[in-house]
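The values are calculated or read from the model by the stated rules, or taken from the named source; none is laboratory data. No experiment lies behind these values; they were computed from the predicted model shown. Don't worry about glycine lacking a Cβ; one is built from the backbone with ideal geometry, like all the others, and counts go over all protein chains shown.
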């Protein structure tokens, strides 16, 4: 019998999550140093920026954990994470323009330097939380010359570059999740197929084009198997008289 539950968790190994975690820490530091409560008495700008950075990080966590039983939820939360980080980028752009300044060119030395820094690979251990945060803070230190050790214009630009890297990775994750959903279907399809198989009934075959589980459909010429990913995929199979 095929697997019903999707793989879940493991988000600490995702570069998108690790970038989002570094962005969250960097945003908290930025807001503490450069956004005065006197100039923002309601805390609206400060709160929204920190909230957006937190949303970017935490929605990756929740999406990864919810993936076990809902591919749809994982896709939605991954998209929310991407949108939240884009919202934060908009606030940082506004901050720069009000200084007045503008974001770095992609040809600027600092931009190219930050884009060239690669994150390490985290390996799960028996002391997960301690070892992960030691790993992450070590990765953040690679960017601290821009995030912590220079002026506010540099810090804002550095956060924008990191956000661009994170949202680019999240965009590719969304494409991969979409392909996996079209190919494998959701948990309802998997549960139905497993139940049919356990009963010895007519189990749905896989689509000959994309490999996704198929669904039994009706037409004027009789029943047939149609791809579960329709209308993106229009694969079909005949239903033989003997099933």
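Which residue is nearest to residue 164 (Cα to Cα), if the candidates are limited to the stretch 122-153 and must be in a loop (DSSP other than H, G, I, E, B) and touching a helix residue (DSSP H, G or I) at 6+ places or on another chain (Cβ under 7 Å)? Only one residue tops the list, namely 143. Being closer than 19 Å to residue 166 by Cα and in contact (Cβ under 8 Å) with a residue 12 or more places away in the chain is the requirement here; does residue 50 meet it? The answer is yes for residue 50.
A Cβ distance below 7 Å, combined with a sequence gap of six or more or placement on separate chains, defines the contacts here; from the stretch 61-82, residues that are not assigned by TED's automatic domain parsing to the domain that holds residue 166 and crowded, with 17+ Cβ neighbours inside 10 Å reach no residue that is in a loop (DSSP other than H, G, I, E, B) and at pLDDT 95 or above.
Only one of 129, 96 is over 28 Å from residue 157 (Cβ atoms) and over 17 Å from the mean Cα position of the chain (by Cα); which? Testing whether each residue is over 28 Å from residue 157 (Cβ atoms) and over 17 Å from the mean Cα position of the chain (by Cα) leaves just 129. Checked against the criterion of being touching a residue at least 40 places away in the same chain (Cβ under 8 Å) and not in a helix (DSSP H, G or I), the stretch 29-37 contains not a single residue that satisfies it. Restricting the search to the stretch 171-194, which residues are in contact with a helix residue (DSSP H, G or I) (Cβ under 9 Å, 6 or more places away or on another chain), modelled with pLDDT under 65 and assigned to a helix (DSSP H, G or I)? Result: 187, 190. Go through the stretch 94-109 and give me each residue that's closer than 22 Å to residue 140 by Cα and surrounded by 16 or more Cβ atoms within 10 Å (Cβ to Cβ). If the condition is that a residue be closer than 22 Å to residue 140 by Cα and surrounded by 16 or more Cβ atoms within 10 Å (Cβ to Cβ), then 103, 104 are the ones that fit.
For the stretch 216-230, a tally of residues being closer than 17 Å to residue 206 by Cβ and in a loop (DSSP other than H, G, I, E, B) returns 3. Would you be able to say whether some residue in the stretch 15-28 is over 24 Å from residue 150 (Cα atoms) and surrounded by fewer than 23 Cβ atoms within 10 Å (Cβ to Cβ)? So far as the stretch 15-28 goes, yes, one or more of its residues are over 24 Å from residue 150 (Cα atoms) and surrounded by fewer than 23 Cβ atoms within 10 Å (Cβ to Cβ). Kindly establish whether residue 57 is in a loop (DSSP other than H, G, I, E, B) and touching a helix residue (DSSP H, G or I) at 6+ places or on another chain (Cβ under 9 Å). Judged against the criteria, residue 57 is not a match.
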